[in-house]
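*Asks:* Here's a structure for you.
Nothing in this text is a laboratory measurement; each read-out follows from the coordinates by a stated rule. Since the model is a prediction, treat every value here as computed from it, not as a measurement. FYI the Cβ positions are ideal-geometry reconstructions off the backbone, even for glycines, and counts take in every protein chain you see.
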Amino acid sequence: MTSYLIRRLFESALILLGITFVTFILLYLLPADPARQIAGRSATAETVANIRDQLGLNDPLFVQYWRYLTGLLQGDMGRSYLQRAEVSSLIAARLPASLMLMVSAIVTELIIGLTIGVVAALRRNRPADHGLMIFSFVAISAPQFVIGILLLYVFAVQLGWFPIGGYGTPAHFVLPSITLGLLGAGWYSRMMRSSMIEVLNQDLVRTARAKGLSKMRIVTRHVMPNAILPIIAMIGIDIGLFMSGIVVVESVFGWPGIGQLAWQAIQRVDIPVIMGVTMVSATAIVIGNLLADLVAPLIDPRIKTK
Amino acid sequence: MSVTQDIRQTPPAPGSGKSRARVVLGELLRRPRAAFGLIIIALMVFTAVFAPWIMPQDPFEQSFDGLSLMGGPLPPSGDYILGTDLLGRDLASRLILGTQTSLIIGVVANGIAVLLGAGVGITAGYFGGWTAAILMRFTDLMMAFPALLLAIVLAAIFQPSLMIVALVIAMVNWVQMSRVIYTETRSLAEREFIQVQRAIGSGPFRILGKHLLPHLLSSIIVFGTLGISTTVLLEATLSFLGVGVQPPMPSWGNIIFENQTYFSTAPWLVFFPGLLIVLLALAFNLVGDALRDILDPTLKGRH
């Protein structure tokens, strides 16, 4: 296990290094000239040339990459072109809101997904099962911006149950969490259903029934704990889905997190900010995948850790 | 009929031959969900092909009659069956033309992603060693990028046009296919019928094309179908964020993008395009899922 841990940590570090390289190349390829962006439209050619020199944009590619990499290691992701602030402090200020939304979305998707999965498995091949499975197919086929706008229309504009957007009270969390969590809920309900069915067919259920335990007790004490385990291992992977999802969900709901920061940066071609959010998201995805890989063998010892 | 098969012979691949295709189609039509998906896909393809003849109005004409007295969009009514958008254009006609956009991008982007993903997967799986190490590490790297952000950055680098949007989506979506095909090719390459071909000196292209590819076809078809759904959703999302298909060319995503400020007074401008996106993505998901059951019952999993 220790050698497996070390190897996976090493691999993750390599992937992160690769991501800094690709991110840097993309930044380098962009047609927009950072010096021109900072200097503004009315600046003279001389001013622009001076800024280029200051930023070291005339240095060879690998020198620039080395500077970018050492900067990153010290938490320096450059300065925003349009907001007079460090990218790292812009992201740090908005990260808590995104993290809280993601935690809330994980809880939401687990509650919806597991409930549907359990009910569908217990009503296997009956109308309830078919209906719930169609719902889960729709959940994985619906784009988040459509779900978000429709939820806003029905529950905020028409019914007035929840605020139209913004951040602060628990009520603000409900609609964005459902929007962000519905995709995962669709996947989890299908996984939970097949996981439940697999456990229901095992000997332990027959033994429990032979002991005369009630059906309720068998399902809650014996089947569900076993069926949930493989699903817990997947939560780390969700971080990847969320990192794409928050850009859309936060812009629809006006949520002050890093997704909205990225979206505003896209609108104004503020490249250092886009790159900063990409780096942070990629790091989160790598950590999420690492957690999933480390948790899986603990839950299921059959998974080899060689 | 012989009971045992010579393991050195290439076993017949599932999913090849014309009659086999007919059997699969029959199986699909017998399953209610898959049949529903097929009908939706057929209707969408018909709409896209015959769009110029089906559209009730000019989708680009900003008609004066298409706006209310206050200058807002019109709700669904006689002249405009699905209402008009904020510029007074007929929504139904724009949605019909948008079907073309979605399907073209779905087929082109996904086609490129399938070719690239399968190509990388087969090459890495067949040759193994350093080739596999380099290719698969690169695949891992691409997997760690948040797909949407990567697509947005790429779309910002290249000026968005229909082809660029398709390419950007392909660049993001090939990764999953390459993982699946890599794993399968690896296990196939160690089977005896491939070893025999190598031993008798068949060239790699002959082995890949004649002996490996037919066995990989099932997975390529299944993940290729599911991939169209992902592609349609990604195109809609990019267009909704303003970095996908550019107006005035209609796409279901950019129709919502253009009109979202009006959603509280004109919900039909979000509802109808949204419904079409869900229907198309759902159709390919349903068919893909059924194909997975039919073609290869061992292919189960989350992704």
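*Asks:* Treat each spin label as a single point 7 Å out from the Cα along the C-beta direction, and report the B:Ile134 to B:Ser202 distance in nm.
*Replies:* 2.7
*Asks:* Which whole-number percent gives the relative contact order of chain A, counting Cα pairs below 8 Å spaced six or more residues apart?
*Replies:* Contact order relative to length: 24 percent.
*Asks:* Quick one: go through the stretch B:177-193 and flag any residue whose amide nitrogen is under 19 Å from the point 7 Å out along the Cα-to-Cβ line of A:Glu11.
*Replies:* Taking a point 7 Å out along Cα→Cβ of A:Glu11, the residues of the stretch B:177-193 whose backbone N falls under 19 Å are B:177-187.
*Asks:* Separation between the A:Arg268 and A:Lys215 pseudo-spin-labels, each 7 Å from Cα along Cα→Cβ, expressed in nm?
*Replies:* 6.1
*Asks:* Still on this structure: Give the long-range amide H neighbours of B:Thr84: residues separated by 5 or more places, or on another chain, with amide H under 5 Å away, using H modelled in the peptide plane at 1.01 Å from N.
*Replies:* The answer is B:Leu74, B:Leu91.
*Asks:* Two decimals is fine: what's Rg over Rh for the protein assembly as shown, C-alpha atoms, Kirkwood radius as Rh?
*Replies:* Answer for the protein assembly as shown: 0.98.
*Asks:* For each of A:Met234, B:Met44, count neighbouring Cβ atoms within 10 Å of the residue's Cβ, then give the residues from fewest to most. Intermediate values should be presented prior to the final figure.
*Replies:* Working: A:Met234 16, B:Met44 21.
So the ranking, lowest neighbour count to highest, is A:Met234, B:Met44.
*Asks:* Still on this structure, I have one more. Give the Cα extents of chain A along the principal axes, in whole Å, largest first.
*Replies:* That works out to 87, 57, 28 Å along the principal axes.
*Asks:* Grab the other residues whose beta carbon is less than 15 angstrom from that of A:Met102, score K and R as +1, D and E as -1, and report the net.
*Replies:* Here the charged neighbours net out to -2.
*Asks:* Next question. Obtain the nm distance between the two label points defined at B:Phe50 and B:Glu192 by a simple spin-label model: each point lies 7 Å from its Cα along the Cα-to-C-beta direction.
*Replies:* 5.6
*Asks:* Still on this structure, please answer the following. About its Cα centre, what dipole magnitude does the stretch B:125-227 give when the only charges are +1 on Lys and Arg Cβ and -1 on Asp and Glu Cβ, stated in debye to the nearest 20?
*Replies:* Here the stretch B:125-227 has a charge dipole of around 200 debye.
*Asks:* For an R0 of 22 angstrom, estimate the FRET efficiency from the Cβ-Cβ distance between A:Arg84 and A:Ile25 and round to the nearest 0.05.
*Replies:* Computed FRET efficiency for A:Arg84 and A:Ile25 comes out at 0.20.
*Asks:* Of A:Leu213, B:Ser219, A:Leu14, which is farthest along the charge dipole of the protein assembly as shown in the positive direction, counting Lys and Arg as +1 and Asp and Glu as -1 at C-beta?
*Replies:* Selected residue: A:Leu213.
*Asks:* Nearest 0.05, what FRET efficiency do A:Val107 and B:Arg20 give at R0 = 35 Å with Cβ-Cβ as r? Please report the intermediate quantities before stating the final value.
*Replies:* Working: r = 46 Å, r/R0 = 1.32.
After rounding, the FRET efficiency stands at 0.15.
*Asks:* Could you identify which residue out of A:Tyr81, A:Tyr188, A:Tyr28 has the top mean-square fluctuation in a GNM of chain A using Cα springs shorter than 10 Å?
*Replies:* Comparing A:Tyr81, A:Tyr188, A:Tyr28 in the GNM, the peak value goes to A:Tyr28.
*Asks:* On to the next question. Just to confirm a number: summing +1 for Lys and Arg and -1 for Asp and Glu over residues other than B:Pro250 whose beta-carbon lies under 14 angstrom from that of B:Pro250, what do you get?
*Replies:* Overall, the nearby charge balance is -4.
*Asks:* Suppose R0 equals 30 Å; then what is the FRET efficiency for B:Gln246 and A:Thr47 from their Cβ-Cβ distance, rounded to the nearest 0.05?
*Replies:* 0.35
*Asks:* Right, next: Sort B:Thr99, B:Thr183, B:Thr139, A:Thr2 so that the residue with the fewest other Cβ atoms within 10 Å of its own Cβ comes first and the one with the most comes last.
*Replies:* Least crowded to most crowded, the residues run A:Thr2, B:Thr183, B:Thr139, B:Thr99.
*Asks:* Loop-only trypsin sites (Lys or Arg not before Pro) in the stretch A:194-227, please: DSSP not H, G, I, E or B, and at most 15 other Cβ atoms within 10 Å.
*Replies:* Numbers: sites: A:Arg206, A:Arg209, A:Lys211, A:Lys215, A:Arg217, A:Arg221; in loops: A:Lys211.
Passing sites in the stretch A:194-227 are A:Lys211.
*Asks:* Once you have the alpha carbon radius of gyration of the stretch A:2-73, what is it after dividing by 2.2 N^0.38 Å, with N set to its residue count?
*Replies:* On the way: Rg = 17.1 Å, N = 72, 2.2 N^0.38 = 11.2 Å.
Dividing the Cα Rg of the stretch A:2-73 by 2.2 N^0.38 Å gives 1.53.
*Asks:* Sort B:Leu276, B:Leu115, B:Leu162 so the one with the fewest other Cβ atoms within 10 Å of its own Cβ comes first.
*Replies:* Fewest to most other Cβ atoms nearby, the residues stand as B:Leu115, B:Leu162, B:Leu276.
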